[in-house]
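The values are calculated or read from the model by the stated rules, or taken from the named source; none is laboratory data. Keep in mind that this is a model prediction, so the values were computed, not measured. FYI the Cβ positions are ideal-geometry reconstructions off the backbone, even for glycines, and counts take in every protein chain you see. The area values use the complete protein model at the heavy-atom level, side chains included, leaving out ligands, DNA and RNA. Shrake-Rupley method; radii C 1.70, N 1.55, O 1.52, S 1.80 Å.
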Amino acid sequence: MTEQSIAAMIDSHIHLDNINDPHQLSLLAALMQEQGINGAIIPAVEPSLWSRQLQVANQFGYAFSLGIHPWYVKQHWQQQISELATQLAEESRTRSRLVAIGECGLDGNYRDNFDWQLHSFSAQLALAKQYNLPVIIHAVKAHEQVLKLVEQAELCRGGVIHGFYGSPELATRYIRLGFKLGIGAILLNENAKKLQQVIQDVPLDCLVIETDIAQVNAVEQTTKTLNDPHFGLILPLLIKKIANLQKKSAVLVSEHVFCNTVQLFDL
Ligand SMILES: [Zn+2]
């Protein structure tokens, strides 16, 4: 299987704005182009980081989402939500590349702010419905609550469970609610048997792929060893892994995953 046989790719979740060095950032964006990743969505983290995030998105012509990550939900969550509502109104007025709400959700490992997380997540789901946008969800050790709130929200456009890691049963429950599974680096870990099982079983139209945290050392590694198939950006590796598990060609998988992302985010 050659690199050229994979169709264009879109990174559905990459925190490019966490790379501060402008040179490294440009290098990574160029490398993405070179490897066939010609679209990306930069997800939001919290209000104070939005301006940097939007600046990076505009610089490279990438799409972005707006929201408040569960780790950053504070006691003044209502204030954060009102900032989000204001920013959403502004973005929809200027018809920017805003394509989703998020990342938002619940993280059960963060007990200290969990009550505020619940309020903030519900409010963000309501905004997604109001603005007719899909949601990018961070769900860790809180799937029952996430499923319940999503069901109650009656979203128009569903969304993605970013960095999905769970059982085939859990995958099916999200898919029934109109959600895609965001598949990232965990799939490349040979010990992630549960996730491999999920990928073998789910329909291809439920999957999107993601880098999540953009690493500068990945850029350095890749530029040094561009021809080494064991290094490089993870998206082409994810496509090949999914293709192996589904016993389909990498071309077919990449085409499906590309279309899924375009459809979900209306790119
Ligand atoms: Zn993220």
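What is the sum of charges around Gln80, taking Lys and Arg as +1, Asp and Glu as -1, for the other residues whose C-beta is under 13 Å from the C-beta of Gln80?
Numbers: positive: Lys74; negative: Glu46, Glu83.
Taking every other residue near Gln80 into account, the sum is -1.
As a test, work out the antiparallel percent of DSSP beta bridges whose residues both lie in the stretch 3-265, rounded to the nearest 5.
Values: 0 of 24 bridges.
Here the antiparallel bridges make up roughly 0 percent for the stretch 3-265.
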For q = 0.11, 0.14, 0.20 Å⁻¹, what log10 I(q)/I(0) does the stretch 60-185 give under the Debye formula with an equal point scatterer on each alpha carbon and no solvent? -0.35, -0.57, -1.14
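Any idea what the relative contact order of the stretch 3-265 is, in percent, if you count C-alpha pairs under 8 Å spaced at least 6 apart?
The normalised contact order for the stretch 3-265 reaches 21 percent.
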Net charge (Lys, Arg +1; Asp, Glu -1) of residues whose beta-carbon lies under 10 Å from that of Pro43, Pro43 excluded, is -4
Amide H neighbours of Thr211 under 5 Å, at least 5 residues apart or on other chains, H built in the peptide plane: list them. Ser12, His13
Could you work out which residue, out of Ile68, Ile234, Ile137, moves most in a Gaussian network model of the chain, that is, has the largest mean-square fluctuation with Cα springs under 10 Å? Ile234
Coordinate range along principal axes, alpha carbons of the chain, Å, largest first: 50, 43, 33
From the helices alone, meaning DSSP H stretches of at least four residues, give me the mean residue ellipticity at 222 nm for the chain, per-run term -39500 (n - 2.57), in deg cm²/dmol to the nearest 500. -15000 deg cm²/dmol
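Too long at a 31 Å Cα-Cα cut-off: which of Lys74/Lys148; Lys129/Lys193; Lys74/Lys129? Write out the running numbers ahead of the final one.
Working: Lys74/Lys148 22 Å; Lys129/Lys193 35 Å; Lys74/Lys129 23 Å.
As for pairs spanning more than 31 Å Cα to Cα, those are Lys129/Lys193.
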Hey, what's the chain come to in accessible area per residue, 1.4 Å probe, Å²? 46
